[in-house]
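Novice: Next up is a structure, given as structure tokens.
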Amino acid sequence: QVPLVESGGGLVQAGGSLRLSCRSSGGFFNDYPMGWFRQAPGKEREFVAAITSINRVAHYADSVKGRFTLTRDNSNTLFLQMNNLIPEDTAVYYCAAHFALQGMKMGSADYWGQGTQVTVSS
């Protein structure tokens, strides 16, 4: 299993910002869309954002559009900049990769990280 390693989670007040990172192993994911899901307590896991491999276009869930920004560098490290955080953003955030962007937007992934906790206090 090729690892995806998340970092950057933590506790922040509503209105604050956090930046999540996801490191991957070398060029294994060169051809994969990559992105983030989240799972809040008692809720199903949901798609947050994904970015394509070649032209690096980012796609977002409506709930985070305009507040979150996803980028990807040449080593396939992801950065999720989260601004104007609200308590509803509290969840475990998982980095993921899938061979098809549409599949990821529908909730599927071939590879998963172990997750990082984000807690937003009101």
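The values are calculated or read from the model by the stated rules, or taken from the named source; none is laboratory data. The shown structure was predicted, so the numbers you read here are calculated from the model rather than taken from an experiment. We place every Cβ from the backbone using ideal geometry, glycine too, and count neighbours over all the protein chains shown. SASA here: full protein model, heavy atoms, side chains in, ligands and nucleic acids out. Shrake-Rupley method; radii C 1.70, N 1.55, O 1.52, S 1.80 Å.
For every residue, the table says whether it meets (1) within 23 Å of residue 117 (Cβ to Cβ); (2) at pLDDT 95 or above.
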| site | (1), (2) |
| --- | --- |
| 10 | yes, yes |
| 34 | yes, yes |
| 38 | yes, yes |
| 45 | yes, yes |
| 54 | no, no |
| 57 | no, yes |
| 68 | yes, yes |
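Novice: In segment 12-32, what residues are closer than 18 Å to residue 76 by Cα and either modelled with pLDDT of 95 or more or of a type outside the set (Phe, Trp, Tyr) (or both)?
Specialist: 19, 20, 21, 22, 23, 24, 25, 26, 27, 30, 31
Novice: For residue 81, indicate whether it is assigned to a strand (DSSP E or B), of a type outside the set (A, V, I, L, M, F, W, C) and surrounded by fewer than 17 Cβ atoms within 10 Å (Cβ to Cβ).
Specialist: Considered against the rule, which asks whether it is assigned to a strand (DSSP E or B), of a type outside the set (A, V, I, L, M, F, W, C) and surrounded by fewer than 17 Cβ atoms within 10 Å (Cβ to Cβ), residue 81 comes out as yes.
Novice: Name the residues in segment 33-57 that are assigned to a strand (DSSP E or B), buried (at least 18 other Cβ atoms within 10 Å of the Cβ) and not β-branched (Val, Ile, Thr), would you?
Specialist: 34, 35, 36, 37, 38, 47, 49, 50
Novice: Assuming residue 84 fulfils every condition listed in (1) under 13 Å from the mean Cα position of the chain (by Cα); (2) at positive phi apart from one, which condition is it?
Specialist: Condition (1) is where residue 84 drops out.
Novice: What's the number of the only condition in (1) touching a Lys or Arg at 6+ places or on another chain (Cβ under 7 Å); (2) surrounded by fewer than 18 Cβ atoms within 10 Å (Cβ to Cβ) that residue 117 fails to meet?
Specialist: Unmet condition: (1).
Novice: Hey, does segment 7-23 have a residue that's closer than 19 Å to residue 102 by Cβ, within 11 Å of the chain's Cα centre (by Cα) and open to solvent by less than 30 Å² (accessible area, probe 1.4 Å)?
Specialist: The answer is no; no qualifying residue exists.
Novice: Pull up segment 58-68, narrow it to residues that are part of a strand (DSSP E or B) and out of contact with any helix residue (DSSP H, G or I) (no Cβ under 7 Å at 6 or more places or on another chain), then point me to the one that is surrounded by the fewest Cβ atoms within 10 Å (Cβ to Cβ).
Specialist: 58
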